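Step one of this worksheet: look at the structure below.
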Amino acid sequence: MLRASPSSTIEAWGALGASHAVTTADPAAVDHLLRASFANYNRGAQFRAAQSDLIGDGLFGADGRLWSLQRKLASYAFSSRSLRRFTEDVLTVHLGRRFLPFLDAAAGSGEAVDLQEALRRFAFDNICHVAFGVESSTLLEWGDPRHQALFAAFDTAVEISFMRTLNAPTPVRKLTKLLNIGQSRRLREAVGVIDDHAMSVIEAKGVSQRNSRDEGDPDLLSRFMAAMDEEDGGGDLAAMFPTPEARRRFLRDVVVSFVLAGKDTTTSALTWFFWLLAANPRCEQRVHDEVSRSPDGNVKGMHYLHAAITEAMRLYPPVPFNGRIAVADDVLPDGTVVRAGWFANYSAYAMGRMEKLWGENFMEFAPERWLGDSGEFAPVDAARYPVFHAGPRACLGKEMAYMQMKTVASAVLRRVRLNVGGTG
Ligand code: HEM
């Protein structure tokens, strides 16, 4: 529908006018929503209510001061120093000692593996290590039912919460919550499993902090714990959580938010990347040539690989659809009116598939479209390619995500040939 719309913007109404949404695939409108009129578009009460069981007061659902204080604190953990540590320590451990041996074992046995699930477990172990300083090995403990239960709980909770974001609460939902039946019960049980995991991460962190005198760069969870520290009197963020229980609960929200940010995004992107390479042997060869030219595995100068991953996310963005709520009446650059309380959405998926943005070959996987004459990667404005969002709430983990995806892709392609969907 967005492709067919001359303005690349459409409007939709819910039954009996229950909701109203403007959805766009126009870069000028995206620029307006995410940058120029940032202050007028927030998460809104419906999103917060729908997601409150899962992410509570975590960064992703927060607005205003609760968001800006968390954003500032979290941004230190994504500095270039932290990024270096990420590549050196975390990727080396999880890639070299876990993911690659896992693939070697699969190659040796000739058995098919679920690459998406393996990448998901790798990403999960990575994020727990880098953000919380807690080592887990869900990849090597493949059959452990506790890990299976945790991943299933995340899937259930995300799915139910997402559907609730789209639909305003009804009396039936309130009743099922009260009676603890149906979806409300499934959500409560899933969140219970997630809570137990998050609390165990926080406990483990507390123990390791008491037992070590690590003077190094603190990780993300350490920064949030310090900000909540009662003995220090806490800062502005701590003042928002006055009791010890509220502060513990908030730390739980931090852990869950970052697991959600890091677990499925790079997994989705890499899974499609490997899929697309398998379907495009010419591109696979070019990536292979580039990777083979760099014996030390340094991914910084791998422009074609960077382009190929970016191109995979153009066609299959990990966050395909995103939205905000208008605070006050507004008008988009093309004249579309957005009233206070309406949804204002953009679709990165639709935008990646518009001829007017990418030319005649918009449906082709063509990494070359991202390369300049000298073969260097040439980025485009985030409002045209909002895969990592844009403006003040743009993705904080983008550099880390590219580092992770490029390192994994180059190490895998140097070592094995993936036979996607094949049997041997
Ligand atoms: C291919 C990988 C990734 C993609 C495509 C991606 C995409 C996005 C998108 C679309 C948003 C905006 C969400 C919104 O506000 O509605 C976002 C925000 C964010 N991302 Fe990522 N992300 C990726 C990986 C990561 C990783 C690995 C991390 C770190 C662990 C991360 C951390 C964040 C954070 C902290 C924000 C919140 C920004 C805020 O609300 O101020 N992302 N990301």
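The values are calculated or read from the model by the stated rules, or taken from the named source; none is laboratory data. No experiment lies behind these values; they were computed from the predicted model shown. So basically every Cβ, Gly included, is an ideal-geometry build from the backbone, and we count neighbours across all protein chains shown.
Table for the structure above
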read-out: Helices (runs of 4 or more DSSP H) contained in segment 144-214 and holding at least 1 residues of a type in the set (D, E, K, R) and in contact (Cβ under 8 Å) with a residue 12 or more places away in the chain; value: 145-166, 182-211
read-out: Yes/no for A328 being among the hydrophobic types (A, V, I, L, M, F, W, C) and away from the ligand (no atom under 16 Å from the Cβ); value: yes
read-out: Unique match (being surrounded by 22 or more Cβ atoms within 10 Å (Cβ to Cβ), near the ligand (Cβ under 10 Å from one of its atoms), in contact (Cβ under 8 Å) with a residue 12 or more places away in the chain and hydrophobic (A, V, I, L, M, F, W, C)) among V319, V387; value: V387
read-out: Restricting segment 83-139 to residues that are basic (K, R) and in contact (Cβ under 8 Å) with a residue 24 or more places away in the chain, the residue that is nearest to M405 (Cα to Cα); value: R120
read-out: In segment 385-404, the residues that are in a loop (DSSP other than H, G, I, E, B) and within 21 Å of L276 (Cβ to Cβ); value: Y385
read-out: Verdict on F362 being surrounded by fewer than 20 Cβ atoms within 10 Å (Cβ to Cβ), in contact with a helix residue (DSSP H, G or I) (Cβ under 8 Å, 6 or more places away or on another chain), in contact (Cβ under 8 Å) with a residue 24 or more places away in the chain and of a type in the set (F, W, Y); value: no
read-out: So A409, is it within 13 Å of the ligand (Cβ to nearest atom), surrounded by 13 or more Cβ atoms within 10 Å (Cβ to Cβ) and at pLDDT 95 or above; value: yes
read-out: Test: residue in segment 220-231 that is modelled with pLDDT of 90 or more, crowded, with 18+ Cβ neighbours inside 10 Å and not in a helix (DSSP H, G or I); value: yes
read-out: Residues that are among the polar types (S, T, N, Q), away from the ligand (no atom under 13 Å from the Cβ) and modelled with pLDDT of 95 or more, drawn from segment 36-81; value: S37, N40
read-out: Meets criteria (more than 23 Å from Y304 (Cβ to Cβ), in contact (Cβ under 8 Å) with a residue 40 or more places away in the chain and within 16 Å of the ligand (Cβ to nearest atom)) for R339; value: no
read-out: Subset of segment 365-384 (residues that are surrounded by 17 or more Cβ atoms within 10 Å (Cβ to Cβ), in a helix (DSSP H, G or I) and over 23 Å from the mean Cα position of the chain (by Cα)); value: R369
read-out: Residue check, K356 basic (K, R), within 16 Å of the ligand (Cβ to nearest atom) and part of a helix (DSSP H, G or I); value: no
read-out: Checklist (1) surrounded by 13 or more Cβ atoms within 10 Å (Cβ to Cβ); (2) out of contact with any Lys or Arg (no Cβ under 9 Å at 6 or more places or on another chain); (3) assigned to a helix (DSSP H, G or I) applied to V113, failing item; value: (3)
read-out: Checklist (1) of a type in the set (A, V, I, L, M, F, W, C); (2) in contact with a strand residue (DSSP E or B) (Cβ under 9 Å, 6 or more places away or on another chain); (3) over 25 Å from R3 (Cα atoms) applied to A350, failing item; value: (3)
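The rows are residues; the columns are (1) in a helix (DSSP H, G or I); (2) touching a strand residue (DSSP E or B) at 6+ places or on another chain (Cβ under 9 Å); (3) farther than 30 Å from W13 by Cα.
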{"site": "T266", "(1), (2), (3)": "yes, no, yes"}
{"site": "F273", "(1), (2), (3)": "yes, no, yes"}
{"site": "H288", "(1), (2), (3)": "yes, no, yes"}
{"site": "N298", "(1), (2), (3)": "no, no, yes"}
{"site": "M313", "(1), (2), (3)": "yes, no, no"}
{"site": "G323", "(1), (2), (3)": "no, yes, no"}
{"site": "Y346", "(1), (2), (3)": "no, yes, no"}
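Rundown of residues vs (1) modelled with pLDDT of 95 or more; (2) over 21 Å from R3 (Cα atoms); (3) surrounded by 22 or more Cβ atoms within 10 Å (Cβ to Cβ), yes/no style:
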{"residue": "H303", "(1), (2), (3)": "yes, yes, no"}
{"residue": "A307", "(1), (2), (3)": "yes, yes, yes"}
{"residue": "M313", "(1), (2), (3)": "yes, no, yes"}
{"residue": "D330", "(1), (2), (3)": "yes, yes, no"}
{"residue": "V337", "(1), (2), (3)": "yes, no, no"}
